[in-house]
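Chemist: Just passing along the structure, written as structure tokens.
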Amino acid sequence: MYEAAKVDGAGKMRQIWHITLPALKSVILIMLILRLGSFIDIGFEHVFLLQNSLNLSVSDVFDTYVYRQGLVQGDFSYSSAIGLFKSVVGIVMVVTANTIAKRLGEEGVY
């Protein structure tokens, strides 16, 4: 029967843990930092299409709230402020994650 090649006696899981993951650590970290910017995005279409008057009080998210305030009720300035707040929170999360990565000795996004 065929047996997988071993590196200094290490099995597959040890090879993944000690060789593959450390080699991919910087890529995984950069992808995590970039995805944190859209962490708050849930998916407007899915939530909006499933909302109705019965579940509106418990299914409201930032995107649907901005839509209702801006387009349905016509309060454009308030909905713009909510959207700006969401963007600022995303930027703060990216900058914080990048700063933590740099302090841990990794290469960040910038």
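What follows draws every value from the coordinates through simple rules; no lab data is involved. Predicted, not measured: the structure shown is a model, and the values here were computed from it. Glycine gets a Cβ as well: all are built from the backbone with ideal geometry, and neighbour counts include every protein chain shown.
Chemist: Nearest 20 debye, what's the magnitude of the dipole of region 12-103 about its Cα centre given +1 on Lys and Arg Cβ and -1 on Asp and Glu Cβ?
Modeler: On the way: 8 positive and 5 negative charges, 163 e Å.
Dipole about the Cα centre, nearest 20: 780 debye.
Chemist: Another question, if that's okay. What is the log10 of I(q)/I(0) for the chain, computed with the Debye formula using one identical point scatterer on each Cα and no solvent, at q = 0.10, 0.11, 0.23 Å⁻¹?
Modeler: -0.54, -0.60, -1.16
Chemist: What's the angle, to the nearest 10 degrees (0 to 90), between helix 21-36's Cα axis and the longest principal axis of the chain?
Modeler: 0
Chemist: Something else now. With a Förster radius of 30 Å, plug the Cβ-Cβ distance of Gln73 and Thr96 into 1/(1 + (r/R0)^6) and report the FRET value to the nearest 0.05. Intermediate results must be reported in sequence, preceding the final value.
Modeler: Details: r = 34 Å, r/R0 = 1.12.
With R0 = 30 Å, the Cβ-Cβ based efficiency is 0.35.
Chemist: What translational D, rounded to a whole number of µm²/s, comes out for region 24-71 from Stokes-Einstein when the hydrodynamic radius is the Kirkwood one over Cα pairs, at 20 °C and 1.002 mPa s?
Modeler: Values: Rh = 12.7 Å.
Diffusion coefficient, whole number: 169 µm²/s.
Chemist: By how many degrees, 0 to 90 and rounded to 10, does the Cα axis of helix 76-103 deviate from the longest principal axis of the chain?
Modeler: 20
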